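Read the structure below first, then the notes.
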Amino acid sequence: MYEFRDRIAEEWGLDLVIAKSEEAMKTGMGPGKGKLECCTALKTEALMKCLGKHGFDALYYQ
């Protein structure tokens, strides 16, 4: 999956930004901790940090 993602980004000349929550991963966060807690820690928090880090004002997803 990652190989495909990286190949497409390269072929299309995309400025791909990849983010993940290292802190949550170090604590062993996973679905067993609860769906809401897991998704918030691994997805939402990582996304919010990434938006701030790169100075993005908005995110568009279709």
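Read-outs: derived from the displayed coordinates by stated rules, not from any lab. These numbers come from a predicted model, not from an experiment. Note that each Cβ is placed from the backbone with ideal geometry, even for glycine, and that neighbours are counted across all protein chains shown.
For the chain, which span is the longest to avoid every loop-located (per DSSP) member of chymotrypsin sites (Phe, Trp or Tyr not before Pro) having at most 15 other Cβ atoms inside 10 Å? Each step should come with its number before you reach the end.
Values: sites that count: F56, Y60, Y61.
The longest uninterrupted stretch comes out as 1-55.
Here r is the Cβ-Cβ distance between L16 and K53 and R0 is 22 Å; the resulting FRET efficiency, rounded to 0.05, is 0.90. Between the helical axis of 45-54 and the longest alpha-carbon principal axis of the chain there is an angle of about 40 degrees. Under a Gaussian network description of the chain, with springs only between Cα atoms under 10 Å, the residue in G30, G52, G13 that fluctuates furthest is G13.
How long is the gain from Y60 to E37 if the chain were fully straight, where each residue apart is worth 0.36 nm and the alpha carbon distance is subtracted? Please list the in-between numbers first.
Working: separation 23, 0.36 × 23 = 8.28 nm, distance 2.38 nm.
Gain on extension, Y60 to E37, equals 5.9 nm.
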